[in-house]
Amino acid sequence: MGYFKTAVYGVSWVGAFRMSTRGIAFVRTLILARILSPTDFGIFGIASLVIVFLEILTETGINVFLIQRKEPIDKYLGTAWIVSIARGIAIFLVILALASPVSVFFNSPQSKNAIELISLVALIRGFINPAIVNFQKDLRFSSEFWFKFVVFMFDSTVAVALAVHLGSAIGIVWGLVAGAVLELVMSYLFVRPWPRLAFAKSQLREIVSKGKWLTGAGIFQFLFRQGDDAVVGKMLGEGSLGIYQVAYKIATLPISEVTDVVGRVTLPVYVKISGDTVRLRKAFFKSTAVISLLALALGTILLIFGEFIVNVFLGPSWVEIVPLIKILVVFGVIQAITNSFNSLMLAQGKQKFVSAVTLLNIFGLAISIIPLTQNFGLQGAALSPLVGSVLGLPVAVYLTNKCLRA
């Protein structure tokens, strides 16, 4: 099977996973929106901010490093596993230490329990078999589909059931914990080889050398994607944060899913054809064209039917998110196109290019978020990521052109 056909095959499986899980997530959100208040969503959002930030802050880039290897990765698994375990334990302990200060910072004492509970997710994930990266590396997307689909279904079922039973955001967090436990168990039941307790300093140095740029890019990406959440939560309160996060998800999720699906498939494909510049260029332009057209189509649908979607599926209590959706859709389209360049940069080992573009994104957000939020409230907050995405786009185009000429 040629790599174009392989890419189409991979996109179909990854796309099927994204569509099915996002469909389930959409239904889950509808159910939870009827049960929980915007404040409950805000509490969960605060807990999520903490774990996502620490996971990104300690990102080692191991998965991307392993995918970039053209040889079998078995010899790296022991080192990768030990590093993952140490990272999980560290995040677990730091979250426990930060639970009280973070809840005080956001003036949300109810979030303390959610933050403490979500620390278990990081601890459990640290022990997952790192060999699961072979699903993506070896282009075994059908196997990856079933593995992740089962985990997601279990996570969502537990989250909804416990949210209904408890009537609080804690139920959603318990869903994440349950999903992490199942993923851990399945990673050893269905994935080979198993890692061994073997650690090599030379391998760690090699991983860190490549991964440091991904760590920087991850931190910048977090600040770009969640920095506005932190400002909204601090300046406008947890209720406004819940409203903002739901609007952000509705406006950007369908568009970002297109980028993630194609990007997840194209990275390992680009790695395999990176030695053939002509072939790589053709593959890149095809995938970017597909992403751009789909992002524009989905963005147009959300702009036209956003109010209808909110009224029908979420109800009148969420109507104030409609203006936010219209702003964030434009951001989502621009970011989808920009993010389509990342796979090419990573395939050529240009992690520093990704870091540079993301740094410009966060710079645009940083200089605009506070004055815009102070003057225009939630709509001003929604404009700030748009400012950042516009600032980074021309640089992303320039660096991508450099990669294609290399």
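Placing R0 at 60 angstrom, the Cβ-Cβ distance between Lys282 and Val164 gives a FRET efficiency of 0.75 after rounding to 0.05. Look at the dipole of the chain built from charges on Cβ: of Phe305, Gly167, Ile132, the Cα furthest out on the positive end belongs to Ile132. Here, segment 248-368 has an Rg and a Dmax of 16.8, 55 Å when only alpha carbons are counted.
Heavy-atom accessible area with a 1.4 Å probe sorts Ser274, Ser389, largest first, into Ser274, Ser389.
Between Phe149 and Val390, residue separation times 0.36 nm minus the direct Cα-Cα distance comes to 83.3 nm. A 1.4 Å probe over all protein chains sorts Lys148, Lys137 by accessible area into Lys148, Lys137, starting with the largest.
Taken along the Cα-to-beta-carbon direction at a fixed 7 Å, the label points for Ile35 and Met19 span 2.8 nm. Over the chain, DSSP H runs of length four or greater, each weighted -39,500 (n - 2.57), average out per residue to a 222 nm ellipticity of -29500 deg cm²/dmol. Computed with a 1.4 Å probe on the full set of protein chains, the accessible area for Ser111 sits at about 0 Å². Note on surface exposure: Met186, Met153, Met19 rank Met19, Met153, Met186 by accessible area, highest first, 1.4 Å probe. In terms of the Cα gyration tensor, with a ≥ b ≥ c the square roots of its eigenvalues, is segment 63-175 rounded because a/c is under 1.5, prolate because a/b exceeds b/c, or oblate? Note, shape of segment 63-175 comes out oblate. Of the cross-linked pairs Lys137/Lys402; Lys137/Lys286; Lys112/Lys352, those separated by over 28 Å at the C-alpha level are Lys112/Lys352.
Of the whole protein surface, Phe363 contributes about 110 Å² of accessible area at a 1.4 Å probe radius. Judged by the ratio a/c of the largest to the smallest principal axis of the C-alpha gyration tensor, segment 297-406 counts as oblate, that ratio being 1.5 or greater while a/b is no larger than b/c. I want to check the label-to-label distance for Ile309 and Ile89. Put each point 7 Å from Cα in the C-beta direction and report it in nm to one decimal. Simple spin-label model gives 4.4 nm for this pair.
Residue by residue, segment 384-400 carries 3J(HN,Hα) couplings of 5, x, 5, 4, x, 5, 5, 5, x, 4, x, 5, 4, 4, 4, 5, 5 Hz when phi is fed to the Karplus relation 6.51 cos²θ - 1.76 cosθ + 1.60 (θ = phi - 60°); x denotes Gly or Pro.
In a fully extended conformation the segment linking Asn401 and Leu197 would gain 69.2 nm over its present Cα-Cα distance, using 0.36 nm per residue. Full extension of the segment from Leu296 to Ser100, taken as 0.36 nm per residue of separation minus the current Cα-Cα distance, would add 66.3 nm. A 1.4 Å probe, protein heavy atoms only, puts the accessible area of Leu49 near 20 Å².
Only one residue of Ser37, Thr58, Phe376 has its Cα farthest out toward the positive end of the dipole of the chain, where Lys and Arg carry +1 and Asp and Glu -1 on Cβ, and that residue is Thr58.
The values are calculated or read from the model by the stated rules, or taken from the named source; none is laboratory data. Quantities reported herein were computed from a predicted structural model and do not represent experimental measurements. Here Cβ is always computed from backbone atoms with ideal geometry, including for glycine, and neighbour counts include all displayed protein chains. We work out accessible area using only protein heavy atoms, side chains counted, and drop any ligands, DNA or RNA first. Shrake-Rupley method; radii C 1.70, N 1.55, O 1.52, S 1.80 Å.
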